[in-house]
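Enquirer: Got a structure for you, written out below as structure tokens; questions coming shortly.
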Amino acid sequence: MQLIINGEKHELDADPTMPLLWALRDLLDMTGTKFGCGAGLCGACTVHLDGKAIRSCSTPLSLAAGKAITTIEGLSSDGSHPVQRAWAEHQVPQCGYCQPGQMMQAAALLADNPTPTSEEIDVAMAGNICRCGTYTRIKAAITELATDAMESQP
Amino acid sequence: MTRYFDVSRRRFLKTTAVAGAVVLAMPLLTRERGMRSAVAAEIARSSDAKLFAALMADGTVEITCHRSEMGQHARTAIAQLVADEMEADWDRIVVTQALGDASYGDQNTDGSRSIVFNFERLRLVGASFRAMLTQAAAQQWNVPPQSCRAEQHKVIHADSGRIIDFADLVDVVGVMEPPSPEQLTLKDRSDWRYIGHGKPIVDMRDVLTGRGDFAADVRLPDSVVAVIERPPVVLARATAYDASAAKAVPGVVDVVEMPALTENPVLYRPLGGVAVLATNTWAAMQGRSKLNVRWSESPNDGYDSTAFRDVLQRGNERPGDVHVTRGDVDAALNTADRAHSAEYYVPHLAQAPMEPPSATARLVDTTIEVWSCTQNPQADQSLIAEFLDVPPERVKVHVTLLGGGFGRKSKPDFAAEAAFLALKTGRTVRVQWKREDDIRHSFYHTVSAQRLEGGLDASGQLVALRHRSTFPTIDATFDAGAEQVPGSEADLGLNDAPYAIAHMRAETGRAPARVRTGWMRSVANIYHVFAQQSFMSEMAALAGRDHREFLLDAIGPDRVIDFASQGSNFANYGADKDEYPFDTGRLKAVLLRATDNAGWNRELPAGSGLGVAVHRSFLSYVATVVEVSVSDSGELSIPGVWVAIDAGTVVNRDSVRNQMEGASVFGISLALHSNITVNKGAIEQSNFHDYRVARITDAPAAIHVDIVDSDAIPAGVGEPGTPPFAPALCNAIYAATGTRIRELPIADQLRRKATA
């Protein structure tokens, strides 16, 4: 089957029931996407499938094949994506393990809705656990991007 | 005890060319005064010198971090300490992670001690470099060293305007004797560039781009993944399993029975079970699901945490082992104007770091090489050596980034599993724990019941306090059958009650440990401070007085508490009581700051309230105020949290702020949601749907952190933000609703009350 990851095509001979997460991490050595729960409960494995945030731990390869997959490695390789820049500015990470998933979730939210309200941010981010407890910074980073987008609207 | 500089020439990193570099190390831990005298210089040619800092041929400064990075920003803080004193340009430093090695001194990253232990010695390393570089430049210019100064990777001779880069001094410095520490002058505090305000974290770019290497991210050639089915009850062993069914899964390469753990003490040893090895994690998980393992009986089969609660509570109905005694509590309670008692309960908890345990191991010649997300690499080394009966020097432990630790990763059972499988199969093996494994096979925060009794005099002042606490001790993990609570746990919130009252007693009951028990962020402070600081609010209410005023009166005048003379065994976190006195003035100051910042006496709408708690732990003083709003249906929200911390000198203010924010959210998890229950010896929870932790929807709208400016020597910051949170929240709920929470988690207690 063919996976299109960050614009690049990969031919894989793999069990179609294998979750996308393990294909990324084990078959392609793309380890930026993290394993947290294996059950779609924590969001550490969040990637984009055709622009939507999905849990790669619970998405079989059969559903991902042929679609555009974006991982943290593809958000930007140099940390220049606005979400990454906002994360750096607000010094969000503590251990950093959940942050690729948090940023992918936030990037999908903002692509879909550049000016989310406080409640919309909470709803969108509620599936992503940070055990270090960086939630107030995550929210501040997203809120700033939303405010910037609001101010740049005509 | 001596400490020495180890100066060596070392292979230039990341090139094949050999170039000169200067390496300075101070391998031995020295915190006591007067230890600076015995310093020897040693010239060595070694590629693996025990280094803290190296000046490379191109002027790059390589700083070794010997503490584990798990989100507390140790790698950044350690680099700040060395680079600041060295006057290194922040853009010309790199941080490398140390292997596990006793010559670094203590590497056990727990107890909030990375800065406490290393604040001085790391600055001395930087200052040594600065002195040598300055002297080298002065020699070249034939001017007195005092006329030169180091500044941002250069040495400057102001009189002549000459400037030389550190890189151009490497060869000269390389043949110099390092100065002895008493010849060194540390910078004045006012000259600090990096210490204090702090720098952005050194790992930011890697974390933001997914390149940070956590244990599960280690990729070595020809490695296989092992997923292990472990016994549901501690001390049970596998009696039968279907290896052939597992091996029939494509990708599965082997099934290996782990050595069974059948006797106490459990120590850090692996639990046993059956490992499935496969070419990828998914295949290993599929294979494991086919094993159909049968388990033997275990002496822990009868453990039921619901029934055990009665055992714990009964333990508080009779006198226990005495830790604090002064005055005559019984008489004082009997003669008090008003007396009150209350019982509290906190369940087992799991640390549940976001990164489930993982480790990779391989055999290289006769050395077992391990990559582990460990808080304590020397424990990996000793455990693996003992478990596999090999000499410790043949166990090499690389420390990866940790995706959270919270105490779970102080216990390296997972690394020993990987090492065993590597030795047994000859393969490179990466052990991956599932989340279910992490929740079911932790070293749990212990379950506790507590009973407090207090007496007031006619003026509403606290005059007597008895605190009884019964819980299975962590000692049972190391000492089979241990039930007597040691000072290491009683000191955390029981022996250190800071009240200026004549009659006080603290006792612990005895209870057996029936699951593996271990440390979790702030440890026994969690339940002791929840109970004691809630009870102080209860006593204030009984007195009809403002909680803050009541607390300030009970703490009494500004003074340094001499616990020994107060009938307490308190050991002050192992720190010298002159270096780290328990100062009630500092305790009251954070209480006042947090409450003032929160607007303590302001009017709040119905259903809203403010609650406070204050505690000194890990040598830092923290007060937390929580504002809570409870709806008619019992739904709770937290509009604001105000934390004030006095941690002495802080190295990185923003990291301290981050720790206080994170500790508050950690407090929300355990106050609102988290609960490990045990039935027939087996943990009933398995993943984040039934072992709940805080989500963004639970987070406070704002967490205001006030860091006290202080010249006192640094104290801990990783843990002390946690203990005050739950009692502050529950005191706020009382203020908002009149409902007193005495049992965690709160879960649906408020909703049930609302519908009742």
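Enquirer: If the only charges are +1 at each Lys and Arg Cβ and -1 at each Asp and Glu Cβ, what is the size of the charge dipole of the protein assembly as shown around the Cα centre, to the nearest 20 debye?
Expert: Values: 88 positive and 110 negative charges, 184 e Å.
Roughly 880 debye, rounded to the nearest 20.
Enquirer: Just going by the charge dipole of the range B:333-391, with Lys and Arg at +1 and Asp and Glu at -1 on Cβ, which of B:C373, B:P353, B:H340 is farthest out on the positive end?
Expert: Checked the options; the winner is B:H340.
Enquirer: Across peptide B:352-361, what mean number of C-beta atoms from other chains lies inside 10 Å of a residue's C-beta? Walk me through the intermediate numbers first.
Expert: Values: counts 5, 5, 18, 9, 5, 0, 1, 0, 0, 0.
Taking all residues of B:352-361 together, the mean is 4.
Enquirer: When ranked by the protection proxy of mean other Cβ atoms within 10 Å per residue, highest first, what sequence do the peptides A:21-33, B:76-88 form?
Expert: Top to bottom by mean Cβ count within 10 Å: B:76-88, A:21-33.
Enquirer: Another one. For B:D365 and B:D222, compute 0.36 nm times the residue count separating them, minus their Cα-Cα distance, and round to one decimal in nm.
Expert: 49.8 nm
Enquirer: Separate question: With unit charges on the beta carbon (Lys/Arg positive, Asp/Glu negative), name the residue among B:S298, B:Y444, B:G161 whose Cα is farthest towards the positive pole of the charge dipole of chain B.
Expert: The one lying farthest along the dipole's positive direction is B:S298.
Enquirer: Highest mean first, how do A:96-108, B:507-519 rank when packing is the count of other Cβ atoms within 10 Å averaged over residues?
Expert: Order by mean packing, descending: A:96-108, B:507-519.
Enquirer: Can you run the Rg to Rh ratio on the range A:47-97? Use alpha carbon positions and the Kirkwood inverse-distance Rh.
Expert: Working: Rg = 13.2 Å, Rh = 12.5 Å.
Across the range A:47-97, the Cα-based Rg/Rh ratio is 1.05.
Enquirer: Also, I was wondering about something else. Expressed in nm to one decimal, what extension gain is obtained for the pair B:E635 and B:R752 from 0.36 nm per residue of sequence separation less their Cα-Cα distance?
Expert: Fully extending the segment from B:E635 to B:R752 adds 41.1 nm.
Enquirer: If you don't mind, another one. What is the local net charge at B:W371, summed over the other residues whose Cβ is closer than 12 Å to its Cβ (Lys, Arg +1; Asp, Glu -1)?
Expert: On the way: positive: B:R219, B:R362, B:K396, B:R430; negative: B:D213, B:D217, B:E369, B:D380.
Cβ neighbours under 12 Å give a net charge of 0.
Enquirer: Rounded to the nearest 5, what is the percent of antiparallel bridges among the DSSP beta bridges in the protein assembly as shown?
Expert: Of all bridge pairs located within the protein assembly as shown, approximately 70 percent are antiparallel.
Enquirer: Sorted from largest down, what three extents in whole angstroms do the Cα atoms of the range B:573-697 have along their principal axes?
Expert: Computed over the Cα atoms, the extents are 48, 43, 26 Å.
Enquirer: About the Cα centre of chain A, what is the dipole size in debye to 20, counting +1 per Lys and Arg Cβ and -1 per Asp and Glu Cβ, all else neutral?
Expert: Dipole about the Cα centre, nearest 20: 340 debye.
Enquirer: When Lys and Arg each count +1 and Asp and Glu each count -1, what net charge do the other residues less than 11 Å away from B:R219, Cβ to Cβ, add up to?
Expert: Net of charged neighbours comes to -3.
Enquirer: Arranged from highest to lowest average of other beta-carbon atoms within 10 Å per residue, in what order do the peptides B:714-721, B:140-147, B:123-130, B:252-259 appear?
Expert: Going from most to least packed, we get B:714-721, B:123-130, B:252-259, B:140-147.
Enquirer: Using a Förster radius of 60 Å, what is the FRET efficiency between A:D50 and B:E297 based on their Cβ-Cβ separation? Nearest 0.05, please.
Expert: Calculated transfer efficiency: 0.70.
Enquirer: Based on the Kirkwood radius over alpha-carbon pairs, what value in µm²/s does the Stokes-Einstein equation return for the translational diffusion coefficient of the range B:308-431 at 37 °C and 0.692 mPa s? Before the final figure, lay out the partial values.
Expert: Values: Rh = 18.1 Å.
The diffusion coefficient I find is 182 µm²/s.
Enquirer: Further, regarding this structure: Treating only the Cβ of Lys, Arg, Asp and Glu as charged (+1, +1, -1, -1), what charge dipole size does the range B:118-165 show about its Cα centre? Round to the nearest 20 debye. Working shown, then result.
Expert: On the way: 6 positive and 4 negative charges, 21 e Å.
Around 100 debye, computed over the range B:118-165.
Enquirer: Here's a follow-up. Say each of B:R309 and A:D29 gets a label point 7 Å from the Cα, pointing the same way as Cα to Cβ; how far apart are those two points in nm?
Expert: Label at B:R309, label at A:D29, 5.2 nm between them.
Enquirer: Over all directions, what mean area does the Cα convex hull of the protein assembly as shown project, stated in square nanometres?
Expert: Computed as one quarter of the Cα hull surface, the answer is 39.6 nm².
Enquirer: Suppose R0 equals 56 Å. What FRET efficiency, 1/(1 + (r/R0)^6) with r the Cβ-Cβ distance, do A:A126 and B:N142 give to the nearest 0.05? The partial results should precede the final answer.
Expert: Numbers: r = 68 Å, r/R0 = 1.22.
After rounding, the FRET efficiency stands at 0.25.
Enquirer: If you scale each eigenvalue of the Cα gyration tensor by 5 and take the root, what three semi-axes come out for the range B:170-269, rounded to whole angstrom and sorted largest first?
Expert: 52, 22, 18
Enquirer: A further question follows. If you wrap a convex hull around the C-alpha atoms of chain B and split its volume per residue, what is the figure in Å³?
Expert: So the per-residue Cα hull volume is 167 Å³.
Enquirer: Tell me, what ³J(HN,Hα) does each residue in the range A:121-129 have, in order and in whole Hz, if you take phi through Karplus 6.51 cos²θ - 1.76 cosθ + 1.60 with θ = phi - 60° and put x for Gly and Pro?
Expert: Values, residue by residue: 5, 4, 5, 5, 9, 5, x, 10, 8 Hz.
Enquirer: A further question follows. Give me the extension gain from B:A158 to B:D709: residue separation times 0.36 nm, minus the current Cα-Cα distance, reported in nm with one decimal.
Expert: Extending this stretch completely gives an extra 195.0 nm.
Enquirer: Looking at the range B:622-756, what % of the alpha carbon pairs are farther apart than 26 Å?
Expert: 30 percent
Enquirer: Take B:D58, project a point 7 Å from its Cα along the Cβ direction, then tell me which residues of the range B:152-186 have their backbone nitrogen under 16 Å from it.
Expert: Of the residues in the range B:152-186, B:166-170 have backbone N under 16 Å from the label point off B:D58.
Enquirer: For B:L267 and B:A240, FRET efficiency with R0 = 30 Å and r from the beta-carbon atoms, rounded to 0.05?
Expert: Result of the calculation: an efficiency of 0.65.
Enquirer: Between A:T115 and B:R559, what is the label-to-label distance in nm when each label sits 7 Å out along the Cα-to-Cβ direction?
Expert: Roughly 6.2 nm, to one decimal.
Enquirer: Which order results if B:K588, B:K411 are arranged by neighbouring Cβ count within 10 Å, fewest first?
Expert: B:K588, B:K411
Enquirer: Moving on to the next point. Give me the inter-chain shielding for A:82-94: mean count of other chain Cβ atoms within 10 Å, whole number please.
Expert: So the per-residue partner count for this stretch is 4.
Enquirer: I would also like to ask the following. Which whole number gives the average count of other chain Cβ atoms within 10 Å of the Cβ atoms across peptide A:11-23?
Expert: Mean inter-chain Cβ contacts per residue within 10 Å come to 3.
Enquirer: Kindly provide the chymotrypsin sites (Phe, Trp or Tyr not before Pro) of the range B:443-505 that DSSP labels as loop, not H, G, I, E or B, and whose Cβ sees at most 15 other Cβ atoms within 10 Å.
Expert: Passing sites in the range B:443-505 are B:F478.
We did not get these values from a lab; they are worked out from the coordinates using the rules stated. What you are looking at is a predicted structure, and each value in this text was computed from that prediction instead of being measured. FYI the Cβ positions are ideal-geometry reconstructions off the backbone, even for glycines, and counts take in every protein chain you see.
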